[in-house]
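Here's the structure, in structure tokens; my notes come after.
Nothing in this text is a laboratory measurement; each read-out follows from the coordinates by a stated rule. All of these numbers come straight from a predicted model, not from anything done at the bench. So basically every Cβ, Gly included, is an ideal-geometry build from the backbone, and we count neighbours across all protein chains shown.
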Amino acid sequence: MSKAAYKRATRVADQIRVEVADILMRKTKDPRVRFVTVTDVEVGDDLRIARVFVTTLDSAREGEVMEGLAKAAGFVRTELGRRLRLRYTPEVMFVKDTSGPRGDRVLALLEEAEKKARPAATEEEEHPAS
């Protein structure tokens, strides 16, 4: 039985996710990027570009937070270079993660569909067609 393929890019992406979250939480001094959650990192096979997906606690200040992250990208890349043993430190690009709100919307739609289906099912049980 062979081992499942676990690409190096995936392992590096996981490590970058942990390190970027730590850098944003402990090292940055910009108050705009304090309450950011790093949800995922995608790295290409050549390990040159890292797309860091983030969510914010305060959706009203989202634009301000993304601006702060864009300003901090160079600092984050420098810190990553110190922490990771890679030939090339990947360029860091911060991207707003929209999967959370989209997932919440899908769950709400499914619950609504279930509520609509439930009364129809109970009516059929009360009045069976004979």
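Side notes on the structure shown:
- Inter-probe distance in nm under a simple model that places probes 7 Å from Cα toward Cβ, at Ala108 and Arg61: 2.4
- The ratio of the alpha-carbon radius of gyration of the chain to the globular-protein estimate 2.2 N^0.38 Å is 1.56.
- With a Förster radius of 35 Å applied to the beta-carbon distance between Lys29 and Ser99, the computed FRET efficiency rounds to 0.75.
- Interchain or long-range residues, amide H under 5 Å from Asp40's placed H: Phe53
- Taking the DSSP bridge list for segment 8-97 and keeping only pairs wholly inside it, about 55 percent are antiparallel.
- Expected 222 nm ellipticity per residue - DSSP helices of 4 or more, -39500 (n - 2.57), all of the chain, to 500: -17500 deg cm²/dmol
- In order along segment 77-82, the phi-based Karplus estimate (6.51 cos²θ - 1.76 cosθ + 1.60, θ = phi - 60°) of 3J(HN,Hα) comes to 5, 4, 5, 4, x, 6 Hz; Gly and Pro are listed as x.
- Excluding the site residues themselves, the longest part of the chain lacking any chymotrypsin sites (Phe, Trp or Tyr not before Pro) in a DSSP loop with at most 11 other Cβ atoms within 10 Å is 7-87.
- Longest exposed-site-free window of the chain, the sites being trypsin sites (Lys or Arg not before Pro) in a DSSP loop that have at most 10 other C-beta atoms within 10 Å: 30-84
- GNM remark for the chain: springs join alpha carbons under 10 Å apart, and the peak mean-square fluctuation among Val95, Val106, Val65 falls on Val106.
- Estimated FRET transfer efficiency (Thr10, Arg118; beta-carbon r; R0 35 Å; 0.05): 0.25
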